[in-house]
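Please treat every number below as a calculation from the coordinates, not as lab data. What you see is a predicted model; the values in this text were computed from it and never measured. Virtual Cβ from ideal backbone geometry, glycine too; neighbours counted across all protein chains shown.
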Amino acid sequence: MIGVLLADDHALVRTGFKLMLDAQLDIGVVGEAADGEQAVELSRRLRPDVVLMDLHMPGMDGVRATELITTELPGVRVLALSTFDLDENVVAALRAGADGFLPKDVSPEELIEGVRVVHRGESAVAPRLLTRLIGTFVRTTPRRAAPAELAGLTDREREILVLIARGRSNAEIAAGLAVSPSTVKNHVTSLFAKLGVRDRAQAVIIAYEAALVHPGE
């Protein structure tokens with residue numbers, strides 16, 4: 001059973017999400033929070049598998065709550081929610097450790113699949129939406145990627161990082177480089193470890209901030 005904590009300041013939204021999720025055999029809502037502070041407190045107490053985190057809440061917002069949860073509770077995954085497809089707070093949440101992003105008008109099927117994807121340890125952001133978001137809001141000035149981190153990448157790992165940042169999926173990368181998907185997956189795992197990132201979203205942010213790719217590419 002995937003335990004989900006709902007964090008949203010609108011009770012009606014929480015009720016709707018709860019009805020969708022509790023109807024699944026493998027998912028159950030374990031708690032509800034009306035603001036970021038409650039989300040952090042309940043995450044510490046309940047240790048949910050996934051937090052559905054609204055980014056725009058009064059008091060402590062979802063970005064700060066995401067940062068505290070992912071830093072203190074690495075086993076808890078955060079799926080960010082926003083009213084807007086292109087929202088700079090989404091990039092801030094991904095940088096803070098969120099494992100994915102969905103717009104709040106998402107279909108029930110997409111919400112449920114997003115929870116399952118994040119629980120599996122994958123990023124629940126469509127690659128091209130991710131690069132459009134980050135290309136719009138991330139400034140190409142180094143922030144997290146120290147030269148030593150990038151210098152530790154092999155030429156192939158650097159090449160794959162650039163392709164990830166351009167919105168390519170693992171299957172597309174494998175086809176373009178004429179290698180197997182498992183080979184690409186191994187390279188991705190290695191470069192994530194060397195860069196100290198948890199997922200694809202954070203890797204894309206580093207690639208943009210280190211100016212390996214530029215908006216519009």
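Annotations
- Residues of the stretch 152-180 satisfying the condition of being within 22 Å of R132 (Cβ to Cβ) and of a type outside the set (G, A, S): E159, I160, L161, V162, L163, I164, R166, R168, N170, E172, I173
- Residue match in the stretch 6-20 (condition: out of contact with any Phe, Trp or Tyr (no Cβ under 8 Å at 6 or more places or on another chain) and within 27 Å of Y208 (Cβ to Cβ)): no
- Q24 meets each of the listed conditions (1) more than 20 Å from the chain's Cα centre (by Cα); (2) under 21 Å from D199 (Cβ atoms) apart from (2).
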